[in-house]
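Visitor: Pasting in a structure now, in structure tokens, and then I'll have a few things to ask.
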């Protein structure tokens with residue numbers, strides 16, 4: 001990596017955060033009042049197992065795999081890297097993340113019967129996941145770490161957070 005390209009990385013990272021902040025702001029401006037009205041009617045409770053069981057199998061698989069990526073990904077972040085546990089847990093996380101991304105391609109509804117903007121994350125994950133694994137196998141630790149961290153934060157945490165917007169299924173499972 002040249003000195004010029006390493007200097008451009010922070011601005012690219014800041015641009016990504018700015019884009020995420022702009023998207024969150026747009027959602028709040030467009031849907032804020034409706035979200036507040038629905039949120040005021042919600043109450044935290046245990047997961048609605050009957051509602052979960054009533055969902056199509058692909059959606060159940062997607063939810064369980066996504067929850068696994070969040071839980072295992074959080075654990076991987078806290079553990080020492082490069083050891084046997086990290087490698088074994090990493091392979092499981094990769095399988096869960098691939099399952100989440102692939103299953104999402106069969107889930108439509110936000111945009112009628114077509115894919116929506118959120119499916120771009122699935123495409124990104126399906127391309128970045130094998131590249132990140134190859135980077136680890138070639139001992140390109142920085143590339144691996146950045147790719148996996150990006151998928152965890154963007155593909156698991158940020159995308160997952162949007163599923164808890166008032167009125168959506170995850171909201172209804174836990175708050176509705």
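The values are calculated or read from the model by the stated rules, or taken from the named source; none is laboratory data. Worth saying up front: this structure is predicted, and the values here are computed from it rather than measured.
Visitor: Would you confirm, using the coordinates I've provided, whether residue 150 is part of a helix (DSSP H, G or I), within 16 Å of the chain's Cα centre (by Cα), under 17 Å from residue 102 (Cα atoms) and modelled with pLDDT under 95?
Guide: No; evaluated as a whole, the condition is false for this residue.
Visitor: Please pick out the residue among 135, 84 that is modelled with pLDDT under 95 and farther than 20 Å from residue 161 by Cα.
Guide: That would be 84, the only listed residue that is modelled with pLDDT under 95 and farther than 20 Å from residue 161 by Cα.
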